[in-house]
Every structure is written in C-alpha cells, then in structure tokens.
Amino acid sequence: METQTGRKQALATSQRNRILIAANPTAGARAIDSPIDRLAAAITNAGFEPTRHHDLGQFAVDAAAARESDQLHAVIAAGGDGTASAVANRIAPDVPLLVFPLGTENLLARYLGIRADPAQACDILRTGDKLQMDAGLANGRMFLLMASCGFDAEVVRRVHQRRRGHITRLSYVQPTLESLHEYPHPDIRVYCDAAADDATNPQVLGKWVFVMNVPMYAGGMPIVGRAHGADGRMDVCVFKRGSAFHNLVYLSGMFLRQHENWSDCDIREAQRCLLESDEPVPYQLDGDFVGHLPVDIEVAPLRVMYFVPSNQSMK
C-alpha cells in the first residue's frame, strides 16, 4: 500500500531465513553480553539464522551470495547512522535493511520508529512492513539522512581526527568550541538542478549548507520541516552569513524551529546540487567526515528498502 512516506508493502511469507548483522565494533558490539549477542539470540529463537559481521567487505560478499541463492531475509545495521549508511552502500536496492540503533546519534532509527530492542526487531522481521525511501549520492557515495558543509562539518572533521574508539555527545564539546573560535567561514557556491551543469552562475552564495533527505538533524532538530524521505527530491538549506555569532543564532533558530522564515536562510528543493568553494570546506554525510568540497549531490529515488514496524506512522 502507499503511504505518505514511501512505498510500503506487507511482509510476504517465504523460506528465506538468513539474517546478516553488520555490527559496528565501536558501538559495544564486541563486549561480553553485548546488545548484538542479545539481538542474535532473539533472532535465533524467532526461527531465523543470524550471521554477524564486523568486516564490511566480507559482509558485502556474503550478502550478495545469500541474495543470489534466495536465502536472504534481511540485513541489520547495528550501530549509528554512519553504520546504516555504510551497510546501505553495500547492498542491492531490493535487500530489506533493518536499522538497530546503538550509536551516539540514531536519527534514522528514530525517524523509522525503531528502538534498540531485540524483541521489537524480531517482530519487525516477522510481521513488519517494507518501506522504500530515497537516498542521496554525494560524489557517488550514498547517504541516507543528510549532507552538510561548513561549520558543523568542521566540527565532525575535528571529532573524526581525534577519534580513538566509541564517541559520545561529550566528544563534540571541545571540537565545537574550537570551531566556533577558529573556523574561517569561506564562501560556498550552491548550484541546484539545471544550474549544476553551469558553474558560471551560482544560485545561492552561503557559508553553511545542508542537503536533507529527511527533516531530522542532531538532537532531532528539523533543518527543513517539510523534508520528505520519498518525494524524489532533496531539500537544500543555505545559511548566508558566517561568524561564531551567526552560527549560534542559526543553531538557536533550528532548535526553536524559526530559521526557515529568516531572510538570510535560503531553502529550496532540488534533485541535484553542486557545492563548491575556492577554499578548503569540509563536508560530512550522515555524521561522518568524508572530505572537502566540491561535492556533487543527486537524489537516488526509492533506492533503499527498510524493514519498519507494521503500520508505523511517519512524517
């Protein structure tokens, strides 16, 4: 049946019973009596055959083989939003993906109504629905939630540079303070749709840019409230001013859901956008630092199939 969020299908009965779990080892996946142990045990008790993977390369090989032999029921991404993106990049569009949240931020799981609950995961695998949603492609790399460049991507870059294992929200405090003081806020040229093929006429000039597939950002803040995960478009939000003061103003505006009406905030829809700068500007995808501009972003309509709770109401 059709829903406002995507193409949803009732789970059909089949003999496919293999479940591949791609677990992020920095999210407690290798601890004694870890959440992955409890998840695997519950899946086994539910009559499925789970296999755990910590190596994404081997996971991709096994997922392709299980799909080809018609044994694969679903894959599970156990970790944060970055883990879900990494898994989605390695499976075919018709392979159902269940997100099992274990990371610092789990915006995708929150959006899909999924908890870190093995019992709920088993219920979804047995009686849940399949939901097809868009993804984004940034220089060919898939993302599920959002891309951004500018101030917040600089924070993510600094966290990435210092990371030695599992991160928490406290891991962002010092990098945020440093970025507020040191980030130089270079100009970012934004080209949308047809203009992306004509790099002589930027449609928007800004300092901080978000390209959203779904509305949720850090802490659940909506960057673009109307963003929709299955409308065949991305929502582009450009903040035009750059300084520590303006960053704090923009953050407060996002928190209070007031920024979309500001004159120095430009919001538009696009199927493709090109972001570039004459100076080094970092960009991040789904909370992971990737590199520096330029980045060419396009929508991949209905690219990912998710397992979600039955009759889950989503915006």
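Things worth noting here:
- Ranked by the mean number of other Cβ atoms within 10 Å per residue, highest first, peptides 126-134, 64-72 order as 126-134, 64-72.
- Principal axes of the range 39-119: Cα extent on each, largest first, Å: 33, 29, 22
- Test item: Cα-centred dipole of the chain, Lys/Arg +1 and Asp/Glu -1 on Cβ, debye: 800 debye
- The alpha-carbon atoms of the range 216-256 define a convex hull whose volume equals 71 cubic angstrom per residue.
- Stretching residue 310 away from residue 139 to a fully extended chain increases their span by 58.1 nm, per 0.36 nm per residue minus the current alpha-carbon distance.
- Between 0 and 90 degrees, the angle of helix 118-127 with respect to the longest Cα principal axis of the chain falls at about 80 degrees.
- Across 303, 18, 257, mean-square fluctuation computed from a Gaussian network of the chain (C-alpha pairs under 10 Å connected) peaks at 257.
- The overall shape of the range 92-242 is oblate: from the C-alpha gyration tensor, with semi-axes ordered a ≥ b ≥ c, the ratio a/c is 1.5 or greater and a/b is no larger than b/c.
- Reduced Cα scattering model of the range 206-315, Debye log10 I(q)/I(0), q = 0.12 Å⁻¹: -0.46
- The C-alpha atoms of the chain define a longest principal axis, and helix 244-256 lies at about 50 degrees to it.
- The chain: C-alpha pair distances exceeding 31 Å, %: 30 percent
- GNM result for the chain, Cα springs below 10 Å: residue of 299, 95, 249 fluctuating most strongly: 249
- Estimated distance in nm for a label pair at residue 51 and residue 178, the labels positioned 7 Å out from Cα along Cα-to-Cβ: 4.1 nm
- Highest mobility in the GNM of the chain, judged by mean-square fluctuation with C-alpha springs under 10 Å and restricted to 210, 289, 245, is found for 245.
- Our note on the geometry: Cα centres of the range 100-153 and the range 250-315, 14 Å apart.
- Folded to 0 to 90 degrees: helix 35-45 orientation relative to the chain principal axis, Cα: 40 degrees
- Helix-only CD estimate at 222 nm, as mean residue ellipticity for the chain, using -39500 (n - 2.57) per DSSP H run (n ≥ 4): -8000 deg cm²/dmol
- Entry comment: accessible area of the range 88-206 is 42 Å² per residue, from protein heavy atoms only and a probe of 1.4 Å.
- The chain - percent of accessible surface contributed by carbon and sulfur, probe 1.4 Å: 49 percent
- Counting only protein heavy atoms and a 1.4 Å probe, the range 260-315 has 46 square angstrom of accessible area per residue.
- D_trans [Stokes-Einstein, Kirkwood Rh over alpha-carbon pairs] for the range 127-190, 25 °C, 0.890 mPa s, µm² s⁻¹: 170 µm²/s
The values are calculated or read from the model by the stated rules, or taken from the named source; none is laboratory data. In this text the structure is predicted, and so the values were computed from the model without any measurement. No Cβ is skipped: glycine too gets one built from the backbone with ideal geometry, and neighbour counts run over all protein chains shown. The accessibility values were calculated without ligands, DNA or RNA, using every heavy atom of the protein model including side chains. Shrake-Rupley method; radii C 1.70, N 1.55, O 1.52, S 1.80 Å.
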